[in-house]
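Notes for the one structure printed next.
The values are calculated or read from the model by the stated rules, or taken from the named source; none is laboratory data. Bear in mind that the values here come from a model prediction, so they are computed numbers and not experimental data. Here the Cβ positions follow ideal geometry from the backbone for every residue, glycine too, while neighbour counts run over all protein chains shown. Calculation scope for accessible area: heavy atoms of the full protein, side chains included, ligands and nucleic acids excluded. Shrake-Rupley method; radii C 1.70, N 1.55, O 1.52, S 1.80 Å.
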Amino acid sequence: MIFKDPLNYEQRRKTQKNYFCFSTLNGISYMCLGETIIVLFSIKLHAPNAMVASLGAILYLAFFMLPIGKMVAARVGAARSQAVFWTLRNIVAIGVALSAVTAYCGYPVLAWAQILLGACLFYGLRAAGVVMSQPFIGDMATESERPQVVGSSNALFYAGCMASLLAIWGVLTVSESVWMIMAIIGFGACVGVTSTHFIRQMDESSAMIEAARRPVMPEIREALKLPRVRKLIWTMYTVYLAIILLAAPSMLCIKRGYSVNDKSALFFSLMQFTASAIFSYLSGRLAKRFGVRRCIFVSYGIMLIVPVLWLIAPGGLNYWFATLVFLLVGGGYIVGFNTMVTYYLQATPERLWVATSMLTSVVTSVGAGVSGMLLSWLIFLPIERVGGAWEPLSRYKVYFAVVLLLLAGLSFLVWRLPETGSKNEKKARRT
């Protein structure tokens, strides 16, 4: 329901409760549809390395659909807009699942194209749905509540992912066929549609729909005059690019570098999401204790360790070593993501939230998505041509060596991020 005045305590608590329920179901659904399953699905359909690695970039590239989300939010509000796009994106997921039928009929290249196009629409509709998500968090929570709301909601999302992943792991012990993965995607789409019930129960103030109706260009120009916003854009771009170049290729390395089965691959994905759930919950406390800026620095440093570990990885699969890699991927990324959202809310004036949300999402996500997709192809294609006779693991070590040099070179874009200037940041600085 949309209220004229800011939400009172009871309305905020009700909205936060429904938001947490939605986050949990969304995690269950997403694990059946998102990067891990799509990567395994693509590998099952014998997609080339460059295409599989680029799937991680589509999540960010698809933010080009944000303006459509703003148009709908201006008519029906933030919550109902997200419910509409969430329903549509889960319908699109069924089309991705049907690429198995296309491949079975003898059209593998068409099936790969179907996966790429479907993934782009799937993530694009997600982007349109969450265009108001950061301002919406600001609307449903006070400044002191926001770090914990962000951390708890993401922790529940990843907890849902973990529960779903355990169930998927159990199902794949029965069968690892492409048809079983197709059924998993279908189940996830049904849960995703169900989760929209809780979105429709959320309250919001009229400030959300009014903000969505305002022209954004004047506010974007004003936001770009703020040094903190400009530097945050570069920081977000760098962190997003890092996860694009590390997450999906790490799963690809496990699957094709070590030739493990789907159940073993899902175990490492479970470790990644376990780390994300734990550190998402802790990120709010860490941000209050040490400040969001320090947490962003630490998260990027953790992600720089990942390619180093792949370079020294043993020739045979060591479960403890590989588990450490995926724990760092999951923990490093989620701490960076959560604290960047909190930084954005603290460093940006409330009246500029919608404009800066669109600005940072489009510029950083689409920019990182395009860069990540191009870099994945530009790194993998020469490796495939030159290293045809190499051991499979050696190809991925060369890839991660290039990625390490690239991310180390871009690290200055993160380190120069200034403090937010908020009361919480000043308090953390004194500790």
Within the chain, which complete DSSP H helices have Cα atoms spanning at least 20 Å along the helix axis and a mean Kyte-Doolittle hydropathy of 0.5 or higher?
-> 78-97, 108-129, 146-172, 178-200, 227-252, 292-311, 319-347, 367-386, 392-410
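Before I look further, what does the stretch 277-428 give for accessible area per residue, probe 1.4 Å, in whole square angstrom?
Per-residue accessible area for the stretch 277-428 comes out at 42 Å².
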Taking the mean number of other Cβ atoms within 10 Å as a proxy for protection, how do you rank 172-178, 135-141 from highest to lowest?
-> 135-141, 172-178
Counting Lys and Arg as +1 and Asp and Glu as -1, what is the net charge of the other residues whose Cβ lies under 11 Å from the Cβ of ALA74?
-> +3
Given a 1.4 Å probe and the protein chains all in place, what does the accessible area of ARG294 round to, in Å² to the nearest 10?
-> 90
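In the chain, what percent of the accessible surface is made up of carbon and sulfur (1.4 Å probe, ligands and nucleic acids excluded)? Display every interim value, and only then the final one.
Working: 11530 of 17020 Å².
Carbon plus sulfur share of accessible area: 68 percent.
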For the stretch 10-154, alpha-carbon Rg and Dmax in angstrom = 17.2, 57
Of SER164, SER81, SER206, the one that fluctuates the most in a GNM where the chain has Cα springs shorter than 10 Å = SER206
Run the quick spin-label model on CYS190 and LEU226: label points 7 Å from Cα toward the beta carbon, then report their separation in nm to one decimal.
-> 4.5
Report the accessible area of LYS14, computed with a 1.4 Å probe over the heavy atoms of all protein chains in place, in Å² rounded to the nearest 10.
-> 90
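In square angstrom, what is the accessible area per residue of the stretch 1-87 with a 1.4 angstrom probe?
Numbers: 3340 Å² over 87 residues.
Per residue, the stretch 1-87 has 38 Å² of solvent-accessible surface.
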Would you please state which residues of the stretch 328-372 a label at ARG289 would reach in this model, taking the label point 7 Å out along Cα→Cβ and a backbone N cut-off of under 18 Å?
-> 331-340
Quote the accessible area belonging to THR323 in square angstrom, nearest 10, computed with a 1.4 Å probe and with ligands, DNA and RNA left uncounted.
-> 20
